[in-house]
Amino acid sequence: MDSRFCRNIQKITSCTKRSMFGGIGLFHGQAMFALVFDGLIYVKGGGENSDILKRNQCEPFHHVKKRSIATINYFNISAIFDTDSILFAQLISNGIHISFDEKADRQSTKRLRDLPNMQLRLERMVKKSGIKDVPMFEALGAAVVYKKVKLTYQGDVEITLLWKFAGAIIGCHWSLIREEEKSELLRNI
């Protein structure tokens, strides 16, 4: 990595390096904010960086896989590094904040499989049935979710799935659902 680049980064923040996408990822804490690949410097896009990166016509990073090319939300700021040290520092600083915010959002967002009784297989079934997230799952309720899953899988689902969905919503193991609650759920499907 270019020593001039390293010195500039050290003025802005402390960071660690790790192999990423065939290049070197720069991390502040556990959040990756920049990537160095083939001598080019890429910074995390999004948030405050979006307009600046567009205005400066910064190209996105393309990760070439065996059978496809993935566009990653990191943008080439090598030209800015060479011409505008203040803007470069601003983009790096913004990239750090964007990375931290995204990491915090991912950690605070509860997944369907994190709910009681749910697991990856059930999460996939629910998502395939059009229920995208926990708030939607909870808003629809166990009976509606069960009906949607049953329709998607052409009736090939067990009734215990209804109890599992109900337990997931109220926060208990499905075997603890009382008989009265089960009867009410059955009336609603």
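The values are calculated or read from the model by the stated rules, or taken from the named source; none is laboratory data. Fair warning: this is a prediction, and the values are worked out from it, not measured in the lab. Here the Cβ is made from the backbone with ideal geometry for all residues, glycine too, and neighbour counts use every protein chain on show. The protein model used for the area step is the full one, side chains on, heavy atoms only, and it has no ligands, DNA or RNA in it. Shrake-Rupley method; radii C 1.70, N 1.55, O 1.52, S 1.80 Å.
Over the chain, average the accessible area per residue using a 1.4 Å probe and give it in Å², no decimals.
On the way: 11420 Å² over 189 residues.
Averaged over the residues of the chain, the accessible area is 60 Å².
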Any idea what angle helix 142-152 forms with the longest principal axis of the chain, computed on alpha-carbon atoms, 0 to 90 degrees, nearest 10? 80 degrees
Rounded to whole angstrom, the alpha-carbon centroid of segment 10-54 lies from that of segment 63-131 at a distance of 13 Å
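Ranked highest first by the average count of other Cβ atoms within 10 Å around their residues, in what order do 174-180, 145-151 fall?
Values: 174-180: 11.7, 145-151: 19.1.
Peptide ranking by packing, descending: 145-151, 174-180.
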Cα-based helix-to-principal-axis angle, 85-108 vs the chain, degrees rounded to 10: 10 degrees
Sequence ranges 22-34, 82-94, ranked by mean other-Cβ count within 10 angstrom, highest first: 22-34, 82-94
Using only alpha carbon positions, build the gyration tensor of segment 60-189, then give the equivalent ellipsoid semi-axes as the square roots of 5 times its eigenvalues, largest first, whole angstrom. 46, 18, 10
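Over the chain, what percent of the accessible surface lies on carbon and sulfur atoms, probe 1.4 Å? Mind showing how you got there, number by number?
Numbers: 5750 of 11420 Å².
Carbon plus sulfur share of accessible area: 50 percent.
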Would you work out the relative contact order for the chain, in percent, from Cα pairs under 8 angstrom that are 6 or more residues apart? 14 percent
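What is the dipole size for segment 1-89, taken about its Cα centre, with +1 at each Lys and Arg Cβ and -1 at each Asp and Glu Cβ, in debye to the nearest 20? Working shown, then result.
Working: 11 positive and 7 negative charges, 77 e Å.
With Lys and Arg at +1 and Asp and Glu at -1, about 360 debye.
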